[in-house]
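Some notes on the structure that comes next.
The values are calculated or read from the model by the stated rules, or taken from the named source; none is laboratory data. All values derive from a computational prediction rather than experimental measurement. Virtual Cβ from ideal backbone geometry, glycine too; neighbours counted across all protein chains shown. Only protein heavy atoms, including side chains, enter the accessible area calculation; ligands, DNA and RNA are left aside. Shrake-Rupley method; radii C 1.70, N 1.55, O 1.52, S 1.80 Å.
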Amino acid sequence: MMQQTLALPRRVHSIRDTVPTVDQVTVEERAAAFTKRSIKTSAKLAGLKMAVAMMDLTSLEGKDTPGRVAYLCRKALQPIEPKYEVPSCAAVCVYPNMVRHARRFLGERSVVKIASVATGFPSGQYPLRTKLEETRRAVGDGADEIDMVIDRGAFLAGEYARMFDEIAAVKAACGAAHLKVILETGELVTYDNVRLASQIAMEAGGDFIKTSTGKVQPAATMPVTLVMLEAIRDYFFATGLRIGMKPAGGIRTAKQSLAYLVMVKETLGDDWLTPDLFRIGASTLLNDVLMQIVKTVEGNYQNADYFSLS
Amino acid sequence: MSALRLDVRKTYKLYIGGNFVRSESGRTLPASSPSGELLDNFCHASRKDLRDAVATARPAAEGWAKKSAYLRGQILYRAAEMLEDRAAAMREEIARSTGAAATQARAEVDLAIDRLVYFAGWTDKFAQVFGAVNPVASSHFNFTIPEPTGVVAALAPDDPSLLPLISLAAPAVLMGNSIVLIASEKYPLPALTFAEILATSDLPGGVINILAGKRSELISHLAGHMDINAIVNASGVEETHRALQAGTAVNLKRYAARPLKAEDWFTEAAENPYWIADTVEFKTAWHPIGL
């Protein structure tokens, strides 16, 4: 048995040994502190518009149709009437079979990127061969970004090398497409695991690390995102490489989205406040942000019935 | 030992979504008796408390409207039972807040209970009496039925402190609306005590919400709020009336004024079933019939 433990590849073994542990109490208190900032009037308006520009407008449902995806793309392109000067969303996030429909609607070049979940979303419990095939097909159909899920089973069983190799293989299959690695933190149990999985995902070639699929509770939380942001910060100090962050799932209110932006700014700095390095994955968040924008501009509280469906 | 004991003084809280909350603003105001003696402090609602109240009233209205008319009646009747149970405390609260004589306070509480029972009875009768089957010149069965309008906001007058509050809430909620009540500015404590009684009735949280504070701070937000479907104004203040009319004219929400004098709330004028009609929508359906 001893022999088996020692048989782990040296490189991955060193990842586990060098990743710091996380102080649960401190990280939760620090994350809570970011929600206390007072952001009003013009700063609030700018923050909300920034949140829209960083949003991956998501629809990941079995009932998705080409028509619904076209609607999603239309909403991402122009979330609300032009007079409010709201930017387009960063991307739409859809299932692999919907990528070609999104591409057809958006055209070859578009400000709105197409992200596709892949590698046996949401469980990741599929053979590597089909995962790679799925990835290549999604990219071939026109996906600009691939949101892959890690094999949490492998990670929790301590098979870090397998997880690393899978991410590296998917990255190779992505070609020019950006790779976001979904850790599904709701299934990783501890912050230490989140920190370790983040490190493995970054070293294996992920361009972004992402909290959740949105199919497991809890999804994105402030503390778990902070742990990942700190992993990104330390990785930047060690290597000079900027890795992106995408919290997804459970961010439903404009206020929450502002708290996340504050956390990114105060952990990683202004460099990360761009859609190239920070995204928010959400389906229902957009309308709440739009309602807040209209409220800030017009001065009166809004009613969801006056906004297009999300 | 008793000489050493400090009084435990209460700060009356707002009633939002079935919970007793402090104002988001952290503000409180003192409530004094007519002789100027400090009674207790109460939370001073801000526009954000109004926003929160509407946000909980919206989903509450959806669930409440789905309950059968009979059940809504039973729940309102239960609220009357709870008020009856706490009548002595309510009488004392009115007497110490407003300086009303004991007989006057008793008359107000008794009538408030009776009025709740009266309106509870309308829940399963209003549609029959105010709905209609309409004769039409084609092969259609044509009928008109009332449906709740959604979220109602109502401003109570300063005086009396309890009876108008109930006379505004009951006709608005009995058909399935939810309501945000702005309590008497001068005597808020009886309204907030009534909230504590409501909390022990079976009324779902968020169906009746009670805010206290200064009316003038909330009026423009009430009128402009796109998620409030109707406003009932019984404040009796001319400026308020004009501001609300002007505000609601822009977004076309329903507006009803109830300019009753203090003594009128004790009469049948405040048991007007047409008040129920002020916060329902009448819908007409054309159903084809054969031959």
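Restricted to strands (runs of 3 or more DSSP E) entirely inside segment B:204-291, no element has at least 2 residues that are among the hydroxyl-bearing types (S, T, Y). Quick check, is B:A69 among the hydrophobic types (A, V, I, L, M, F, W, C) and at pLDDT 95 or above? The answer is yes for B:A69. Within this structure, B:A195 fails the test of being assigned to a helix (DSSP H, G or I), modelled with pLDDT of 95 or more and within 14 Å of chain A (Cβ to nearest Cβ). Looking only at residues of segment A:172-190 that are outside any strand (DSSP E or B) and not small (G, A, S), we find that the one that is nearest to A:E133 (Cα to Cα) is A:C174. Screening A:H178 with (1) buried (at least 20 other Cβ atoms within 10 Å of the Cβ); (2) of a type outside the set (F, W, Y); (3) under 16 Å from A:K246 (Cβ atoms) gives one miss only, at (1).
Residues that are over 19 Å from the mean Cα position of the chain (by Cα) and not hydroxyl-bearing (S, T, Y) within segment B:13-30 comprise B:R22, B:E24, B:G26, B:R27, B:L29, B:P30, listed in sequence order. Of all the listed residues (B:A102, B:A112, B:A57, B:A87), the sole one being under 17 Å from B:S184 (Cβ atoms) and of a type in the set (G, A, S) is B:A112. Quick one: which residue in A:A282, A:A219, A:A248, A:A259 is in contact (Cβ under 8 Å) with a residue 24 or more places away in the chain, within 14 Å of the chain's Cα centre (by Cα), away from chain B (no Cβ under 14 Å) and more than 17 Å from A:V194 (Cβ to Cβ)? None of the others qualify; the one that does is A:A282.
Flag set for A:A154, criterion: out of contact with any strand residue (DSSP E or B) (no Cβ under 6 Å at 6 or more places or on another chain), open to solvent by less than 20 Å² (accessible area, probe 1.4 Å), in a helix (DSSP H, G or I) and within 26 Å of A:Q199 (Cβ to Cβ). Checked against the criterion of being closer than 28 Å to B:P160 by Cα, open to solvent by 30 Å² or more (accessible area, probe 1.4 Å) and more than 14 Å from chain A (Cβ to nearest Cβ), the candidates B:K66, B:K10 yield just one match: B:K10. Every listed requirement among (1) open to solvent by less than 60 Å² (accessible area, probe 1.4 Å); (2) away from chain A (no Cβ under 14 Å); (3) closer than 26 Å to B:A55 by Cβ is met by B:I219 save one, (2).
Residue check: B:S161 meets all listed conditions (1) outside any helix (DSSP H, G or I); (2) under 26 Å from B:D40 (Cα atoms); (3) open to solvent by 10 Å² or more (accessible area, probe 1.4 Å) but one, namely (3). Quick check: is even one residue across segment B:244-256 closer than 21 Å to B:D159 by Cα, open to solvent by less than 90 Å² (accessible area, probe 1.4 Å) and within 14 Å of another protein chain (Cβ to nearest Cβ)? Yes; the residues of segment B:244-256 include at least one that is closer than 21 Å to B:D159 by Cα, open to solvent by less than 90 Å² (accessible area, probe 1.4 Å) and within 14 Å of another protein chain (Cβ to nearest Cβ).
Within segment A:57-88, the set of residues being within 12 Å of A:A102 (Cα to Cα) and assigned to a loop (DSSP other than H, G, I, E, B) comprises A:S59, A:D64, A:T65.
Do we have B:A137 as touching a strand residue (DSSP E or B) at 6+ places or on another chain (Cβ under 6 Å), free of Cβ contacts under 8 Å to residues at least 40 places away in the same chain and within 19 Å of B:T284 (Cα to Cα) here? Judged against the criteria, B:A137 is not a match.
For B:M226, the conditions (1) open to solvent by less than 50 Å² (accessible area, probe 1.4 Å); (2) within 14 Å of chain A (Cβ to nearest Cβ); (3) in contact with a strand residue (DSSP E or B) (Cβ under 9 Å, 6 or more places away or on another chain) are fulfilled apart from (3).
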